[in-house]
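The values are calculated or read from the model by the stated rules, or taken from the named source; none is laboratory data. Predicted model, so just to flag it, every value in this text is computed and none were measured. Positions of Cβ are backbone-derived with ideal geometry, glycine not excepted, and every protein chain shown enters the neighbour counts.
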Amino acid sequence: MAIVVEVDNGSGFCFGVTNAIQKAEELLTRGESLYCLGEIVHNSEEVNRLESKGLKTVDYSNMSSLKGKQLLVRAHGEPPETYQLASESGVNIVDATCPIVTKLQQRVASAYSEMQLVGGQVVIFGKKSHPEVVGLIGNANGAAIIIEKVEEVAMLDCSKPTVLFSQTTMDGEDYVALGEAIKQTMDTLIPNGSSQLKVVNSVCGSVSNRKPKLAEFSSRHDMVVFVAGKKSSNGKVLYQVCKDANPNTIFMESAAEIEESMFEGINSVGVCGATSTPLWLMELVAEKIRAI
Ligand code: SF4
């Protein structure tokens, strides 16, 4: 009996990534040369597709040699120094920063100025090397403190006024737990110390709103194939949602990883992915499973 395969219609690119890729494709289709600062999306299959159309992925070290060229800033955004360097090097920026990230950068910059006046600090819950976090740190003049895990709260000076932000793709429940842990520590140091903490809700709805639907989708199938790039932060979060709802969930980067033996005794498979996973890739994975 053929395996029934369903592709989750709520998975795939968020609007920030869709916008960046549309901008890139518009320019490439017009035959214009386009460079992208870092991988346009944390999905090597999609990067390969766009590179085959002419997109060139570069890093900071290449910027001084791109005079007069178009350089795309991806949805994750960049710190102010990148725009400064581009301007000094005569590089034309095509800005595809997600509007949600732009707003977050502005809020981080304003919180930094506010905290400067009162001897406080800006704390960001996120991955230190994630490009969005690098951009946010730049908007806090390089002085934001990065917390990757709730347990790291011990390294914070909780006697200071603090504004807490999250990278947009972190897990919302972990973020709430971190805020609570900081509050508790503040209250043990100073009576009502937690009144010095402001928690900004900056987890993006494109990730958090998908969780309940993804859990329901995962529980409807014998097996779930979650498709995403290994570097995708929201991929890790959403994969765990699927795994919790259906322990028979596997992580896959490309259709080449499919082996017939994986699907023995399986009648139905759900294929889903991250906000950085292209629909065409999930369809390709589904087709290959159907052909078993
Ligand atoms: S996850 Fe949210 S903030 Fe990040 S690019 Fe997508 S829409 Fe924008």
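Of all the numbered requirements in (1) of a type in the set (Val, Ile, Thr); (2) at pLDDT 95 or above; (3) more than 20 Å from Ser11 (Cβ to Cβ), Ile190 misses one, and that requirement is (2). The numbered conditions (1) part of a helix (DSSP H, G or I); (2) more than 23 Å from Lys230 (Cβ to Cβ); (3) touching a residue at least 12 places away in the same chain (Cβ under 8 Å); (4) not polar (S, T, N, Q) are all true for Glu32 except (1). Filter region 82-102 down to the residues that are more than 21 Å from the chain's Cα centre (by Cα) and touching a residue at least 12 places away in the same chain (Cβ under 8 Å), then identify the one that is surrounded by the fewest Cβ atoms within 10 Å (Cβ to Cβ). Residue satisfying both the conditions and the ranking: Gly90.
How many residues are within 16 Å of the ligand (Cβ to nearest atom), in contact with a strand residue (DSSP E or B) (Cβ under 6 Å, 6 or more places away or on another chain) and either among the β-branched types (Val, Ile, Thr) or not in a loop (DSSP other than H, G, I, E, B) (or both) if we restrict to region 223-244?
At the first step, the residues of region 223-244 found to be within 16 Å of the ligand (Cβ to nearest atom) are 228-229, 231-239, 241.
Add one more test, that the residue is in contact with a strand residue (DSSP E or B) (Cβ under 6 Å, 6 or more places away or on another chain), and what stays is 228, 239.
Going one step further and asking which of them are either among the β-branched types (Val, Ile, Thr) or not in a loop (DSSP other than H, G, I, E, B) (or both), we end up with 239.
Adding up the residues that qualify gives 1.
Consider region 230-248 and keep the residues that are surrounded by fewer than 21 Cβ atoms within 10 Å (Cβ to Cβ) and within 11 Å of the chain's Cα centre (by Cα). The one that is nearest to Ile289 (Cα to Cα) is Lys236. Is there a residue in region 245-263 that is of a type in the set (Phe, Trp, Tyr) and more than 16 Å from the ligand (Cβ to nearest atom)? Yes, region 245-263 has at least one match.
For beta carbons closer than 9 Å, sequence separation of 6+ or different chains, a first residue in region 1-25 that is more than 24 Å from Lys211 (Cβ to Cβ) and not assigned by TED's automatic domain parsing to the domain that holds Tyr239 and a second that is small (Gly, Ala, Ser) and within 16 Å of the ligand (Cβ to nearest atom), the qualifying pairs are Gln22/Ala96; Lys23/Ala96; Ala24/Ala96. Applying a threshold of 8 Å to beta carbon distances and a minimum spacing of six or more residues, or different chains, the list of pairs starting in region 247-270 at a residue that is within 12 Å of Asp222 (Cβ to Cβ) and ending at one that is assigned to a loop (DSSP other than H, G, I, E, B) and of a type in the set (Ser, Thr, Tyr) is empty. Filtered by the rule that a residue be away from the ligand (no atom under 16 Å from the Cβ), of a type in the set (S, T, N, Q) and under 25 Å from Ser202 (Cβ atoms), region 60-103 gives Thr82, Gln84.
Considering the conditions (1) touching a Phe, Trp or Tyr at 6+ places or on another chain (Cβ under 7 Å); (2) over 30 Å from Phe263 (Cβ atoms), Ser64 is excluded by exactly one of them, (1). Among the residues of region 35-52, the ones that are touching a residue at least 40 places away in the same chain (Cβ under 8 Å) and assigned to a helix (DSSP H, G or I) come to 4 in all. Here Thr57 fulfils each of the conditions (1) within 16 Å of the ligand (Cβ to nearest atom); (2) over 30 Å from Met186 (Cβ atoms) apart from (1). Just to be sure before I move on: is His76 within 26 Å of Val227 (Cβ to Cβ), of a type outside the set (Gly, Ala, Ser), buried (at least 21 other Cβ atoms within 10 Å of the Cβ) and modelled with pLDDT under 95 in the structure I sent? No, not satisfied. The single condition from (1) touching a residue at least 60 places away in the same chain (Cβ under 8 Å); (2) in the same structural domain as Cys158 (by TED's automatic domain parsing); (3) over 23 Å from Tyr175 (Cβ atoms) that Lys127 fails is (3).
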